[in-house]
Amino acid sequence: MRAHAAQRGWGIEDSAARLRIQTIDAFNGYLANSAAHHVAERFRARRIADAPDDLYAIAARETLRARGESIPSCARISSSSCGASMTAGGGSSR
């Protein structure tokens with residue numbers, strides 16, 4: 001382990017206090033608590049949208065863009081103009 005750590009430049013010999021030995025259960029608890037805190041901090045100023053349709057359309061467009069798929073022309077304008085073409089997978093073809 002020391003050779004591996006030295007190759008990586010972790011410096012564990014210099015700062016052994018940073019090491020934490022714990023059970024998997026304790027580690028899972030630590031992750032869950034830190035993740036909950038992080039999520040709460042990130043979304044503290046957010047609120048529930050009264051009309052989430054446009055947010056869903058934005059998410060769908062960004063997903064298609066990330067996958068390199070074409071975005072339906074109606075989706076470039078507004079979610080309300082797409083109607084059924086953006087539902088049930090009708091907005092893109094693989």
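The values are calculated or read from the model by the stated rules, or taken from the named source; none is laboratory data. These numbers were taken from a predicted model, which means no experiment stands behind them. Backbone-built Cβ (ideal geometry, glycine too); neighbour counts: all protein chains shown.
Please identify the pairs in which a residue from the stretch 59-73 that is closer than 22 Å to Ala49 by Cβ and of a type in the set (D, E, K, R) has its Cβ atom under 6 Å from the Cβ atom of a residue that is outside any loop (DSSP other than H, G, I, E, B) and modelled with pLDDT under 85, counting only partners at least 6 apart or on another chain.
Arg61/Ala75
Run down Asp25, Asp14, Asp53 and say which single residue is touching a residue at least 12 places away in the same chain (Cβ under 8 Å) and not β-branched (Val, Ile, Thr).
Among Asp25, Asp14, Asp53, only Asp53 is touching a residue at least 12 places away in the same chain (Cβ under 8 Å) and not β-branched (Val, Ile, Thr).
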